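What follows is calculated from the coordinates using simple rules that are stated; it is not laboratory data. Source: prediction; values computed, not measured. Quick reminder, even Gly has a Cβ in these numbers, built from the backbone with ideal geometry, and neighbours come from all protein chains shown.
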Amino acid sequence: MGILEVKGVNKRFGGLQALGDVNLSVAENTVHAIIGPNGAGKSTLLNCLVGKLIPDTGSVMFDGQSVLGRKPHEINQMGISRVFQTPEIFGDLTVLENILIPCFGKRDGAFRMHAFEQVFHEKSLIEKAEAILEDVNMADKKDFHSASLSRGDKRRLEMAMCLVQEPKLLLLDEPTAGMARADTNNTIDLLKEIKSKRDITMCIIEHDMHVVFSLAERITVLAQGTPLVEDTPENIKGNPKVQEAYLGESQH
Amino acid sequence: MFGLNSKDTSLLLVVAVLTLLAPFILNPFPENSDLAQFNAGYPDLMQRFVIFGIFAIGFNILFGLTGYLSFGHAAFLGVGSYAAIWMMKLLTLNVIPAIFMGIVVAGLFALVVGFVSLRRSGIYFSILTLAFAQMSYALAYSVLTPITGGETGLQIKPIDRPLLSNLEPGEIGRANLFGIEMGNSYLLNVGGWQFTFNAGYYIAAVVMLIAFYISIRIFRSPFGMMLRAVKSNQNRLNYTGLNSKPYTLAAFVISGMYAGLAGGLMVAMDTQVGPERMFWTASGEVVLMAILGGVGTLIGPVLGAGMIKYMENILSKINDAILHQWFAFMPDGLENFKVAIIHPFIGKGWHLTLGIVFMLVVIFLPGGLVEGGQRIGRLFRRKKRKDKPSPDATPAE
Ligand SMILES: Nc1ncnc2c1ncn2[C@@H]1O[C@H](COP(=O)(O)OP(=O)(O)OP(=O)(O)O)[C@@H](O)[C@H]1O
Ligand SMILES: [Mg+2]
């Protein structure tokens, strides 16, 4: 039994079968990559995991519990954090505040009436947030308006927001898209380091094969909403079906 | 100090000093001078400044922080007023229970209205709150006449015998705080100037300072940060494990309680209430106050409230006769011409002036009067260190 078990998930948008009978098992403490051409249904699959979409049929179990029918915040509190394909951050808030919000969410739960406490008195949370900013090389930008960051910085900020929650399962939807090569490599190193430091399962969607092969222990190839193969990176590399469906066209 | 950082502490202290010295500051012109009509230091108006300031501060906690634009906040003000006057009619003429009741009843009402309205966001939320407020107005005006006094509203009458106040037979009760009557004033004459120190004003001013202090605390609290996150990206907040619903509802109820506090204070000052207090124009006015002063800023709503109330009470008093007096030194033709030009903007036409000021602010100072102040401040600072190059990073305020 994996920490995440997706069974027979279907999702239609009008006439379009976005997901067709998806089965996926992600083993605990592994990095599992999902690859596939544009429009394959990768983001749709993640949406079904975090409560943004409800599958038409099928089941999604996390840590032995069903996530279907739960609200996004409840699923997050179960231990699933997600980095979105287009960065979702609090643009009006400072970088540090962006990190503090998940810190409060982690410590105080989905709602707490802490209206008379002061943010600047929360020394330990601020230290924790600053440490994670250090990890993603953004410590010098902590007082910036996050809307003013570059796209790559927004991604790293969003990743830091997820990491600071210490989730059991981290879902990353193209975490390095829009990043410079050096930042991409830093991100790979960061994820490796996080992985080595504590128990965490990662599910990563990527078009950048360098990232995929640097991190993934298992790879699922999705094409037209259906898993084509699931295997180790070595076998995926040599698989002619995969070459045809995906790798061939993206290795320009 | 007070658990605030030094910047907020100084803001609070400045506001406190200005409010407490308001009878001087608002009366800069000698009693017999031509400009005396611009004096705003009389009790009635000063009370209105601080009471509407409270209303706007509370409104800003909802609108400024979460971005949810309520178009029905006057309903909570009205409900608070009705609750307060019933306390004074039945229980005691001391204003504290009345104000307290205003807050509680308005808060409960806001809980119901907020619970329903917050199922929608954006324009639909605004329309729902407007609908609730207009229903409250209609109910107060007609169906609920036994409780609200209908069109004429409620006043304290000679037959009212509050349980805990010992009134002489035939005496009309007057609002007081442990015996200090709201209407009590002390007049100070210095040279040509006359300053009025009114008990009601000072009580309302202290309440406003407390309300302002609480709002600073809320702005700087984790709760306030969550509310700003709701405005910025509600989805992200939910996917970060926080439930945005109770946060917005709490903000709605708190701002409703501020409105109830303002309503209760109004009754404490003039011991009367009518349904027009809940009319949609009253709800719209507080929106204007917040935007004019600076949405989401601490002091903005208070400035906006002051500006609108000043214009409403001072501009509207100026009439053609006064204008003729001002321009009397000019040749007749020119005098009449000037008066004709200015005429539409004064007296009953003060709304026109307000409208123009409002448009100018929205177009040129989207951050309201506070942004105007900041720009002027920056201008001065730049002049001071002209030769020193300033580090031009973009740290957020
Ligand atoms: N909310 C929606 N409503 C309608 N159609 C949708 C919706 N979300 C996704 N789709 C469609 O479902 C299909 C799969 O989309 P999805 O975003 O999951 O692809 P993807 O594999 O993430 O692609 P990419 O690599 O470009 O991100 C696409 O054809 C898309 O247009
Ligand atoms: Mg996608």
> Mind checking the mean number of beta-carbon atoms from other chains within 10 Å of the Cβ atoms in A:156-162?
Replying inline: 1
>> Along each principal axis of its Cα atoms, how long is region A:112-244 end to end? Whole angstroms, biggest number first, please.
In response: 60, 30, 28
>> Quick check: from the Cα gyration tensor, does region B:115-245 come out rounded (a/c under 1.5), prolate or oblate?
In response: oblate
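So for chain A, considering every pair of alpha-carbon atoms, how many percent are separated by more than 23 Å? Write out the running numbers ahead of the final one.
Numbers: 16208 of 31626 pairs.
Within chain A, distances greater than 23 Å cover 51 percent of Cα pairs.
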>> Over the Cα atoms of region B:1-144, what radius of gyration and what Dmax do you get, in Å?
In response: 19.1, 57
> Given H placed 1.01 Å from N in the peptide plane, which residues other than close sequence neighbours of B:Gly67 have an amide H under 5 Å from its amide H?
Replying inline: none
> Just how far, in whole angstrom, is region B:281-357 from region A:44-86 if you go by their alpha carbon centroids?
Replying inline: 56
> In cubic angstrom, how much convex hull volume per residue do the alpha carbon atoms of region B:238-285 span?
Replying inline: 92
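What fraction of the DSSP beta bridges in chain A is antiparallel, stated in percent and rounded to the nearest 5?
55
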>> On a straight-distance basis, which aspartates and glutamates could pair with B:Lys309 in a cross-link, Cα separation under 12 angstrom, same-chain partners fewer than 8 positions away excluded?
In response: B:Asp44, B:Glu285
>> I'd like the mean, over residues of B:223-233, of how many other protein chain beta carbons sit within 10 Å of each residue's own Cβ.
In response: 6
>> Looking at the calculated P(r) for region B:39-280, what percent of the C-alpha pair distances fall above 27 Å?
In response: 40
> Nearest 20 debye, what's the magnitude of the dipole of chain B about its Cα centre given +1 on Lys and Arg Cβ and -1 on Asp and Glu Cβ?
Replying inline: 1760
> Which loop-located trypsin sites (Lys or Arg not before Pro) does region A:96-200 contain, where loop means any DSSP state but H, G, I, E or B and the Cβ has at most 11 other Cβ atoms within 10 Å?
Replying inline: A:Arg198
>> Report, in listed order, any pair from A:Lys123/B:Lys383; A:Lys7/B:Lys231; A:Lys11/A:Lys197; A:Lys52/A:Lys154; B:Lys231/B:Lys317; B:Lys7/B:Lys245 with a Cα-Cα distance greater than 29 Å.
In response: A:Lys123/B:Lys383; A:Lys7/B:Lys231; A:Lys11/A:Lys197; B:Lys231/B:Lys317; B:Lys7/B:Lys245
> In terms of modelled amide H atoms, which long-range or inter-chain residues lie less than 5 Å from the amide H of B:Leu93?
Replying inline: B:Ser165
> Using DSSP loop states and a limit of at most 14 other Cβ atoms within 10 Å to flag trypsin sites (Lys or Arg not before Pro), what is the longest stretch of chain B containing no flagged site?
Replying inline: B:121-384
> Taking the DSSP beta bridges in the protein assembly as shown as the whole, what percent of them are antiparallel, to the nearest 5?
Replying inline: 65
>> On a full-extension model of 0.36 nm per residue, what is the gain between B:Asn319 and B:Ile341, subtracting their alpha-carbon distance, rounded to one decimal in nm?
In response: 6.6 nm
>> Could you compute the net charge surrounding B:Leu237? Neighbours are other residues with a C-beta less than 11 Å from the C-beta of B:Leu237; K and R count +1, D and E count -1.
In response: +3
> If the viscosity is 1.306 mPa s and the temperature 10 °C, what translational diffusion coefficient in µm²/s does Stokes-Einstein give for the protein assembly as shown when Rh comes from Kirkwood over Cα pairs?
Replying inline: 56
>> Let's see if you can work this out: charge +1 on each Lys and Arg Cβ, -1 on each Asp and Glu Cβ, no other charges. What is the dipole magnitude of the protein assembly as shown about its Cα centre, in debye to the nearest 20?
In response: 240
